[in-house]
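Novice: Can you keep this structure in mind? I'll have questions shortly.
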Amino acid sequence: GAGVSQSPSNKVTEKGKDVELRCDPISGHTALYWYRQSLGQGLEFLIYFQGNSAPDKSGLPSDRFSAERTGGSVSTLTIQRTQQEDSAVYLCASSLSGQATGELFFGEGSRLTVL
Amino acid sequence: GENVEQHPSTLSVQEGDSAVIKCTYSDSASNYFPWYKQELGKGPQLIIDIRSNVGEKKDQRIAVTLNKTAKHFSLHITETQPEDSAVYFCAPSGRYNDMRFGAGTRLTVKP
């Protein structure tokens, strides 16, 4: 498909384990965002990638969270030593224009449950 | 980053009535004002946006109005239908790299 693809769609893990969430943006989109959405809550900004520039990591809640974007395309969000409060839906979005002045196209999210 | 407030947090209307959601922001340099709709189990989707050189924009039953002086913009939905039931988010932006979203408004349209 031509949309933003996220995997896995659901992940159940035990407290203390590491998890990796993947995002495949729309081809040609230079900007990529990760957000976290807890149940019934709004979108919490985590990290932003724009082309080959250094990412804006200002939203990452702790040093257990990290993200990479390889070759300006696919991105992986890694959560180390997961905690129960990490349970949420992790949404990825891509944008053609970047600079936060254009439409964001969202994936359907990865639902993480930490037991 | 931008400080964003959205009101009301929940809104219930009768089918056919109008709904208005307001978004207040802090950064006077913001120049892009979108509204997103999120249906259950899906990611948000852009429904309408406006840029700072325009005061109002309409697209069929939805409209967005902007008051840059007061730093707020609003989403207007007329002739509401049950399929309009969703969570709506504003995300004013322009100066900063990140795009900060409001806390969301859960709209319920009762048939």
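Quick note: the coordinates plus some simple rules give every number you see, no bench work behind them. Keep in mind it's a predicted model, so treat the numbers as computed, not measured. No Cβ is skipped: glycine too gets one built from the backbone with ideal geometry, and neighbour counts run over all protein chains shown.
Novice: Using θ = phi - 60° and the Karplus curve 6.51 cos²θ - 1.76 cosθ + 1.60, what whole-Hz ³J(HN,Hα) does each residue of the range B:67-74 get, with Gly and Pro shown as x?
Specialist: So the J values, rounded to whole Hz, are 10, 5, 4, 8, 6, 8, 9, 10.
Novice: At R0 = 25 Å, how high is the FRET efficiency between residue A:70 and residue A:7 if r is their beta carbon distance? Nearest 0.05 is fine.
Specialist: Numbers: r = 15 Å, r/R0 = 0.61.
Efficiency, rounded to the nearest 0.05: 0.95.
Novice: Shielding by partners for A:37-43, please: the mean number of other protein chain Cβ atoms within 10 Å of each residue's Cβ. Spell out each step's value before the answer.
Specialist: Values: counts 6, 0, 0, 3, 3, 12, 12.
That average works out to 5.
Novice: Please list, by residue number, everything in the range A:28-45 whose backbone N is under 19 Å from a paramagnetic label point 7 Å out along Cα→Cβ of residue B:7.
Specialist: So the set is A:42.
Novice: For a Förster distance of 25 Å, can you work out the FRET efficiency between the beta-carbons of residue A:17 and residue A:62, rounded to the nearest 0.05?
Specialist: Working: r = 16 Å, r/R0 = 0.63.
Result of the calculation: an efficiency of 0.95.
Novice: Related question: Taking springs between alpha-carbon atoms closer than 10 angstrom, which of A:83, A:41, A:50 fluctuates most in the Gaussian network model of chain A?
Specialist: A:41
Novice: For the range A:1-57, count the residues as N, evaluate 2.2 N^0.38 Å, and divide the Cα radius of gyration by that value, please.
Specialist: Numbers: Rg = 13.4 Å, N = 57, 2.2 N^0.38 = 10.2 Å.
Rounded to two decimals, the normalised Rg is 1.31.
Novice: Anyone know which of B:41, B:16, B:94 comes out most mobile in the 10 Å Cα GNM of chain B?
Specialist: B:41
Novice: A follow-up question, please. Along each principal axis of its Cα atoms, how long is the protein assembly as shown end to end? Whole angstroms, biggest number first, please.
Specialist: So the three principal-axis extents are 49, 38, 33 Å.
Novice: Given a 10 angstrom Cα cut-off, can you work out which residue in B:83, B:56, B:15 is the most mobile in a GNM of chain B?
Specialist: With Cα springs under 10 Å in chain B, the top fluctuation among B:83, B:56, B:15 is at B:83.
Novice: If packing is taken as the average count of other Cβ atoms within 10 Å, what order do B:20-33, A:60-73 fall into, highest mean first?
Specialist: On the way: B:20-33: 18.5, A:60-73: 13.6.
In descending order of packing, they fall as B:20-33, A:60-73.
Novice: Taking chain A as the region of interest, what is the percent of Cα-Cα pairs per 5 angstrom bin, listed from the shortest bin to the one with the maximum distance?
Specialist: Calculated P(r), rounded to whole percents: 2, 13, 24, 26, 19, 10, 5, 1.
Novice: Taking 2.2 N^0.38 Å as the expected size of a compact globular protein, what ratio does the Cα radius of gyration of the range B:41-111 give against it, to two decimals?
Specialist: Values: Rg = 13.2 Å, N = 71, 2.2 N^0.38 = 11.1 Å.
Expressed relative to 2.2 N^0.38 Å, the Cα Rg reads 1.19.
Novice: Please work out the C-alpha center-to-center distance from the range A:11-83 to the range B:21-83 and express it in whole Å.
Specialist: Here the two parts' Cα centres lie 26 Å apart.
Novice: For peptide B:80-91, what's the mean number of Cβ atoms from other chains within 10 Å of each residue's Cβ?
Specialist: Working: counts 0, 0, 0, 0, 0, 0, 0, 4, 0, 2, 0, 4.
Per residue, the number of nearby Cβ atoms from other chains is 1 on average.
Novice: Using only the alpha-carbon atoms of the range B:1-84, report the extent along each of the three principal axes, biggest first, to the nearest angstrom.
Specialist: Computed over the Cα atoms, the extents are 36, 26, 20 Å.
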